[in-house]
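**Student:** Before we start, here is the structure in question, set down as structure tokens.
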Amino acid sequence: MGLPDEIADFREGRGNPGRLVGEFRRATLLVPVTRDAAAAGDGAGAGDAAGGLMSAGSGGIRWFYAFTGEEALFRFARARGEDGREWPYLAVLGARLVDAVVPQVDGPAGVAVNVADQDGSMLFPPVAGIVPDACAVDIAGGAVA
């Protein structure tokens with residue numbers, strides 16, 4: 001079973017949290033890269049450095065966008081009204097996002113998967129069991145106590 005199936009099961013109340021997180025960590029996700037400031041003319045998305053991983057801030061958390069396939073990434077581009085341009089991306093393991101990228105962020109960070117899919121999206125927040133303990137907001141010593 002792949003990550004989209006695990007997300008569907010979880011959203012329908014049939015999922016197992018441990019299995020969902022395990023599948024997320026094993027999944028190869030497409031993570032959009034912000035456009036080069038010179039090529040874009042206006043720089044990167046809000047809060048992003050040009051050429052970095054695309055993310056957005058909400059509720060004091062930096063959310064990295066990640067997609068389970070090109071179709072999901074295209075739906076995101078279309079929802080933003082930007083489906084007419086090229087969307088460069090990196091293929092990254094979910095584990096690499098939370099174990100290597102999240103600790104580099106100044107403040108709490110998580111991963112938002114397939115955010116344009118109303119029934120197929122899932123947030124992986126900065127909590128113990130998903131991100132490294134030093135970055136978890138729900139334990140002492142984490143990004144936010």
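**Student:** Going by C-beta contacts inside 10 Å, put Asp117, Asp138 in order with the fewest on the left.
**Tutor:** So the ranking, lowest neighbour count to highest, is Asp138, Asp117.
**Student:** Another question, if that's okay. Scan around Gly52 for amide H atoms under 5 Å from its own, H built in the peptide plane at 1.01 Å from N, and keep only partners 5 or more places away or cross-chain.
**Tutor:** The answer is Thr34.
**Student:** Can you tell me how much longer the chain between Asp106 and Asp138 gets when fully stretched, taken as 0.36 nm per residue apart minus their C-alpha distance, in nm with one decimal?
**Tutor:** 9.9 nm
**Student:** Could I ask something else about it? Give the long-range amide H neighbours of Val115: residues separated by 5 or more places, or on another chain, with amide H under 5 Å away, using H modelled in the peptide plane at 1.01 Å from N.
**Tutor:** Ala66
**Student:** Okay, moving on. Summing +1 for each Lys or Arg and -1 for each Asp or Glu, what net charge is found among the other residues whose Cβ lies under 14 Å from the Cβ of Phe10?
**Tutor:** Local charge sum for Phe10: -4.
**Student:** Summing +1 for each Lys or Arg and -1 for each Asp or Glu, what net charge is found among the other residues whose Cβ lies under 15 Å from the Cβ of Ala134?
**Tutor:** Surrounding charge for Ala134 is -4.
**Student:** If you split all Cα-Cα distances of segment 3-135 into 10 Å bins from zero, what percentages do you get per bin, shortest first?
**Tutor:** Whole-percent P(r) values from 0 Å outward: 13, 44, 34, 8, 1.
**Student:** So who's got an amide H within less than 5 Å of the one on Ala136, skipping anything under 5 residues away but keeping other chains? H placed 1.01 Å off N, in plane.
**Tutor:** Here Ala143 satisfy the definition.
**Student:** How long is the gain from Leu123 to Glu82 if the chain were fully straight, where each residue apart is worth 0.36 nm and the alpha carbon distance is subtracted?
**Tutor:** 12.5 nm
Bear in mind these aren't lab numbers, they're just calculated from the coordinates by the rules spelled out. The structure displayed is predicted, hence computed values, not measured ones. Virtual Cβ from ideal backbone geometry, glycine too; neighbours counted across all protein chains shown.
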